[in-house]
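The values are calculated or read from the model by the stated rules, or taken from the named source; none is laboratory data. All values derive from a computational prediction rather than experimental measurement. All Cβ positions, glycine included, derive from the backbone under ideal geometry; neighbour counts span all protein chains shown. Keep in mind that these areas ignore ligands, DNA and RNA; they rest on the heavy atoms of the full protein, side chains included. Shrake-Rupley method; radii C 1.70, N 1.55, O 1.52, S 1.80 Å.
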Amino acid sequence: KMLDTMVRNPVSFFDVNPLGRILNRFSNDIGTLDSSFAASALDALDENAIIFSLVLALVIMKPWTLLPIAAALVTIALLIKLCYPAIEQSRAHELRSRSPLSSQFSSTLSGLIVLRSFKQTQTTTNKFRTYVNNNTQGSVGYITASRFFAIYVDVFYTIAATGNTYIVTALGGDPGLAAFALMLIVSVTGAIQFALRQLLQAHILMSSSARVQAYCELQPEAQLTLPQDQAIKKSGWPQQGQIDFNRVYMKYRPELDFVLKDLTLHAKPGEKIGCIGRTGAGKSTIIQILFRMIEIDRSGEHSDSSY
């Protein structure tokens with residue numbers, strides 16, 4: 001779907017989006033959804049289901065152990081609220097900084113002769129090194145923040161596990177049941193940080209899904225065949241090389257000003273016309289309109305404009 005949308009995007013989209021950014025969506029983001037996200041999501045579901053069953057069994061056997069577990073869960077929830085922004089922002093920075101890296105690499109390969117001719121290889125190398133360092137900062141920050149979160153989860157749950165161990169020992173009762181409860185406590189201690197880290201990672205990797213979805217929902221260019229084209233085709237067009245512009249308005253993007261304003265033009269068959277004007281006056285724009293690389297504006301008071 002993203003590829004179909006990309007093929008139907010207007011030319012203005014490729015004017016404002018570098019090639020590296022587009023390639024990043026099709027390579028890194030799709031690769032993340034196909035491999036990293038699937039593994040993290042499965043680990044998160046598997047480990048959290050195991051932990052839930054272990055904690056449930058422990059609480060059923062020793063209900064008083066619910067107090068330290070509840071305190072640990074509240075603390076871990078606050079920890080997630082504090083650490084998640086750092087993990088999310090560092091991951092977003094890594095994804096954003098990868099696009100200029102890809103763009104620089106592709107443009108360097110296509111312009112090697114020019115760079116060597118003008119002795120700009122060192123400048124290009126320094127720029128590429130800057131992009132690599134910027135991307136590495138995001139990657140290292142993401143990994144570091146994730147690992148620190150795992151350490152803090154281990155610390156707080158270890159404190160809760162110590163309290164549970166004291167409760168199970170103090171309550172006494174059946175020695176076999178107590179030993180089984182202690183084994184459950186130790187099992188949860190080793191798995192909870194990995195489960196929560198994978199859960200956060202799966203949630204963060206969903207940003208790749210959002211980036212892909214954003215490209216799938218881009219506004220496509222106009223239809224290849226307009227309603228009035230059928231009537232023109234039935235009339236035997238083209239019968240002669242005649243061009244008519246009737247109050248044409250055009251701008252390259254919705255937020256920009258009009259490049260062509262109320263342009264009316266009639267070119268007779270076989271007539272040669274010279275278009276004169278300063279840079280940016282709209283000379284090449286007329287050619288782009290004829291080939292429908294850019295659509296005319298059909299809104300507002302000039303809605304009757306046509307060509």
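Looking at the range 248-266, is at least one residue loosely packed, with under 13 Cβ neighbours inside 10 Å and more than 15 Å from residue 297 (Cα to Cα)? Looking through the range 248-266, at least one residue is loosely packed, with under 13 Cβ neighbours inside 10 Å and more than 15 Å from residue 297 (Cα to Cα).
Residue count for the range 170-186, restricted to those that are assigned to a helix (DSSP H, G or I) and either open to solvent by 20 Å² or more (accessible area, probe 1.4 Å) or modelled with pLDDT of 85 or more (or both): 10. When the range 30-62 is limited to residues that are β-branched (Val, Ile, Thr) and under 9 Å from residue 195 (Cβ atoms), the one that is surrounded by the most Cβ atoms within 10 Å (Cβ to Cβ) turns out to be 51.
Could you say whether any residue in the range 121-141 is open to solvent by 50 Å² or more (accessible area, probe 1.4 Å) and of a type in the set (Phe, Trp, Tyr)? Among the residues of the range 121-141, at least one is open to solvent by 50 Å² or more (accessible area, probe 1.4 Å) and of a type in the set (Phe, Trp, Tyr), which makes the answer yes.
When restricted to residues that are open to solvent by 70 Å² or more (accessible area, probe 1.4 Å) and over 13 Å from residue 182 (Cβ atoms), the range 156-169 contains 2.
Scanning the range 213-243 for residues that are surrounded by 12 or more Cβ atoms within 10 Å (Cβ to Cβ) and among the β-branched types (Val, Ile, Thr) returns a single hit, 243. Checking each residue in the range 179-197 for being free of Cβ contacts under 8 Å to residues at least 24 places away in the same chain and either of a type in the set (Lys, Arg) or over 16 Å from residue 47 (Cβ atoms) (or both) picks out 179, 182, 183.
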